[in-house]
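Beneath this line is the structure, given in structure tokens, with notes to follow.
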Ligand SMILES: [Zn+2]
């Protein structure tokens, strides 16, 4: 019985291999097409698990199982995070790393239907499209592995399972623990409303929690004997809201109160507020972070409470764009083509646009032109830190409604359907094809490294994460 189970499991997990062709690029692409059904199943599973940061046990295992079944050596639980892993195949240089993310977002429960509808009993959802992200990257790594195993190309491929991207934790601590630094090139992608080679900066972003301690007391009979830690949090927010007027326009400051006390008749003895502070350049984040700290200290003085902790969980640098890698990826995207959608899929997406105003299309079906100069993105990612140590090439593939906001129910809905999976297939192929180009051309790798040196050399890497700090065990 057990043997039978083992045999059938192997059959399920060992994917079809159309690798007789001579050209490793078209063979890699053919492998991805031949295994489309398995990849869709992996996406649907991760999508339905909808596990949030550092708790992605089943999602991480889903990817690890497919990689192990396809001949990768998988090291799980790396860098002090149970859901972080590295899967490797091959030997020698070049070493190409591919990034996979799989964390969902809290508060984004949504069914795979074209109107706003919670999934009963589920609190989180893939509002950033990380189920298709992780699956496509894994597919690309396995497709590349087939080409390496056939002898058509030489080198090493590593698939990094990077948890808790939404809070910038996974890659930050994997990098601090020494991963990635041996890689020659890192390739990644992201779910998006459009298909494009990414030639842009992201914003830098520090994630920091401020904890205050006061004194508990009956809020009605003896308030004069209490000191409210919640007052400190509120005063800090007032201070930060005045600060906003006098920072550079590209700065973003947002917060949630993670502890605001227990109930109104007890003066809150402890309180915590969690801030993201972003700017286009990390140097500005460093400066404004000091300002934030001074406001926190002032709020403690005003409320006669104590600022007991300033906990920096993550500090993401802006992504440094790479012209050569963007060019390689763009060429491959043009050759592969953007996803094409059926009328039914367009109808689904159009229904999700109901509250988004007038939009020119339901779903994008073209590859965007490669910009002449790097653009400036508005989001942040822990991919940024890696790009300060290794040349990073990225792309986006149309996986959801055109015009949908980031972190929205529309993204959850689409990535749980064939819409997201069509973009997923394009992303997998573009990463695999670009990797094959890089394995085949030492010149390209050299050129990407020269681009990297040029942009990186004048910059100093400063992190606000205290030295020696280990990965947190939980997000909050
Ligand atoms: Zn994301």
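The values are calculated or read from the model by the stated rules, or taken from the named source; none is laboratory data. Since we're looking at a predicted model, the values are computed, not measured. All Cβ positions, glycine included, derive from the backbone under ideal geometry; neighbour counts span all protein chains shown.
Couple of notes before you dig in:
- Number of the condition not met by residue 239 [criteria: (1) crowded, with 23+ Cβ neighbours inside 10 Å; (2) over 28 Å from the mean Cα position of the chain (by Cα)]: (1)
- The lone exception for residue 153 - which of (1) over 17 Å from the mean Cα position of the chain (by Cα); (2) within 12 Å of the ligand (Cβ to nearest atom) it fails: (2)
- Breaking point among (1) under 19 Å from the mean Cα position of the chain (by Cα); (2) not assigned by TED's automatic domain parsing to the domain that holds residue 64, for residue 219: (1)
- Among the residues listed as 344, 318, the single one being at pLDDT 95 or above and surrounded by fewer than 21 Cβ atoms within 10 Å (Cβ to Cβ): 344
- Within segment 168-189, the set of residues being surrounded by 23 or more Cβ atoms within 10 Å (Cβ to Cβ) and either at negative phi or without any contact (Cβ under 8 Å) to a residue 60 or more places away in the chain (or both) comprises 169, 170, 171, 172, 173, 174, 185, 186, 187, 188, 189.
- Of the residues making up segment 126-145, those that are away from the ligand (no atom under 16 Å from the Cβ) and farther than 16 Å from residue 73 by Cβ are 139, 140, 143.
- Selected residue (criterion: nearest to the ligand (Cβ to nearest atom)) from residues of segment 363-374 that are in contact with a strand residue (DSSP E or B) (Cβ under 6 Å, 6 or more places away or on another chain) and more than 18 Å from residue 191 (Cβ to Cβ): 374
- Within the set 156, 138, the sole residue that is touching a strand residue (DSSP E or B) at 6+ places or on another chain (Cβ under 7 Å), touching a residue at least 12 places away in the same chain (Cβ under 8 Å) and surrounded by fewer than 22 Cβ atoms within 10 Å (Cβ to Cβ) turns out to be 156.
- Condition check for residue 405: away from the ligand (no atom under 15 Å from the Cβ) and in the same structural domain as residue 165 (by TED's automatic domain parsing): no
- Test: residue in segment 223-239 that is touching a helix residue (DSSP H, G or I) at 6+ places or on another chain (Cβ under 7 Å), farther than 28 Å from residue 436 by Cβ and either free of Cβ contacts under 8 Å to residues at least 40 places away in the same chain or in the same structural domain as residue 95 (by TED's automatic domain parsing) (or both): no
- Matching residues in segment 288-319 - criterion: being in a loop (DSSP other than H, G, I, E, B) and within 27 Å of the chain's Cα centre (by Cα): 317, 318, 319
- Of all the numbered requirements in (1) closer than 27 Å to residue 475 by Cβ; (2) surrounded by 22 or more Cβ atoms within 10 Å (Cβ to Cβ), residue 196 misses one, and that requirement is (1).
- For segment 364-476, the helices (runs of 4 or more DSSP H) that sit wholly inside it and include 3 or more residues that are crowded, with 24+ Cβ neighbours inside 10 Å and in contact (Cβ under 8 Å) with a residue 40 or more places away in the chain are 383-386, 409-415, 418-440.
- Residue list for segment 157-196, filter: away from the ligand (no atom under 15 Å from the Cβ) and more than 18 Å from residue 429 (Cα to Cα): 173, 174, 175, 176, 177, 178, 179, 180, 181, 182, 183, 184
- Search result, residues across segment 38-76 that are in contact with a strand residue (DSSP E or B) (Cβ under 7 Å, 6 or more places away or on another chain) and under 24 Å from residue 105 (Cα atoms): 50, 51, 52, 60, 63, 64, 76
- Lone unmet requirement of (1) within 16 Å of the ligand (Cβ to nearest atom); (2) out of contact with any helix residue (DSSP H, G or I) (no Cβ under 9 Å at 6 or more places or on another chain) for residue 456: (1)
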